[in-house]
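Novice: Let me begin by handing over the structure; questions about it come next.
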Amino acid sequence: MVANKQEHAKSLFDHRSLCYDGLEWVRDDEGLRAFADLAKPKATDVHLDLATGTGAVAERLAPRVCIVVGLDLSFGMLRSSSARLGPRVQAAAEQLPFSEDTFDLTTCRNGLHHFYSPDVGLSEIRRVTKMTGRIVISESLVPDGPIRHLWRSIMEIKDTGRHPDMYFTAEEFTNYLERHGLPVRSVRLFSRPFSLANWLENGCVDLERRTMILALLNRLTERQKRDLRMSTRDGDIWLLRRTATALTGCAV
Ligand SMILES: C[S@@+](CC[C@H](N)C(=O)[O-])C[C@H]1O[C@@H](n2cnc3c(N)ncnc32)[C@H](O)[C@@H]1O
């Protein structure tokens with residue numbers, strides 16, 4: 001069962017690695033700057049970027065830390081990351097190949113909801129991060145209120161491997177981290193409009209799933225469109241991407 005889920009995530013992201021960097025948010029300067037501000041990298045930091053993907057976060061923080069290790073399940077994603085980065089490790093977040101208390105800074109942007117066991121992933125993060133270390137985790141959010149169920153339906157079609165328990169509002173995300181022994185010191189909320197065409201194209205969403213998503217969006221009432229912050233511009237649909245980034249750690 002675990003092996004199946006792992007294989008699914010691996011092949012999904014091996015495939016997605018071909019166009020992943022084309023997603024607007026991945027290299028978005030403002031988003032990366034906000035993430036780095038919260039992480040407060042130091043020149044002495046031994047840094048782990050978990051579920052590093054094509055390495056956008058690792059690349060941003062690399063000049064400001066001592067060393068950054070990028071870890072990901074997908075070889076395709078790692079292969080697309082810059083060779084200038086430090087060591088890259090192919091492994092599962094649920095079974096980190098590191099000793100306890102290794103890292104001063106552990107980051108994970110938009111990875112947790114893809115893990116086959118986010119709970120185990122978090123306990124591994126705690127294990128390998130020093131007691132004095134900082135942990136920065138970012139997750140995309142569902143909108144609050146009645147529209148949340150519709151958003152979830154869209155995400156279930158789009159992200160086939162997403163963990164069923166990982167659909168949070170900002171408050172639920174904070175509570176989730178705290179329940180897992182990670183006291184949250186600070187949270188940054190970030191929202192940004194994104195183009196549906198860019199999202200579907202670079203998310204490797206096939207025609208059948210695109211059609212399902214468009215059918216859902218086309219059925220919305222004007223009120224639902226407002227709640228979703230949906231608009232139409234230049235022949236494309238725009239939606240709002242919401243994320244929360246939390247600074248946590250055992251003794252931050
Ligand atoms: C949405 S991408 C985020 C990549 C990167 N952190 C970023 O912000 O651009 C999610 C990443 O999680 C990785 N992933 C999924 N399940 C994983 C697991 N169990 N262990 C480690 N990485 C995993 C995927 O291969 C993918 O690269």
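The values are calculated or read from the model by the stated rules, or taken from the named source; none is laboratory data. These numbers were taken from a predicted model, which means no experiment stands behind them. All Cβ positions, glycine included, derive from the backbone under ideal geometry; neighbour counts span all protein chains shown.
Novice: Before we move on, is LEU200 crowded, with 16+ Cβ neighbours inside 10 Å, in contact with a Lys or Arg (Cβ under 7 Å, 6 or more places away or on another chain) and part of a helix (DSSP H, G or I)?
Specialist: In short, yes.
Novice: Taking the criterion of being crowded, with 21+ Cβ neighbours inside 10 Å, among the hydroxyl-bearing types (Ser, Thr, Tyr) and either in contact (Cβ under 8 Å) with a residue 12 or more places away in the chain or within 8 Å of the ligand (Cβ to nearest atom) (or both), would at least one residue in region 82-102 satisfy it?
Specialist: no
Novice: Can you tell me which residue in region 31-59 is farthest from the ligand (Cβ to nearest atom), limited to those that are acidic (Asp, Glu) and over 16 Å from the mean Cα position of the chain (by Cα)?
Specialist: ASP45
Novice: Would you be able to tell me the number of residues in region 149-172 that are modelled with pLDDT under 95, over 30 Å from THR102 (Cα atoms) and over 14 Å from the mean Cα position of the chain (by Cα)?
Specialist: Here the count works out to 11.
Novice: Show me the helices (runs of 4 or more DSSP H) found entirely inside region 116-181 where at least 2 residues are more than 16 Å from the ligand (Cβ to nearest atom) and not aromatic (Phe, Trp, Tyr).
Specialist: Qualifying helices (runs of 4 or more DSSP H): 148-158, 170-179.
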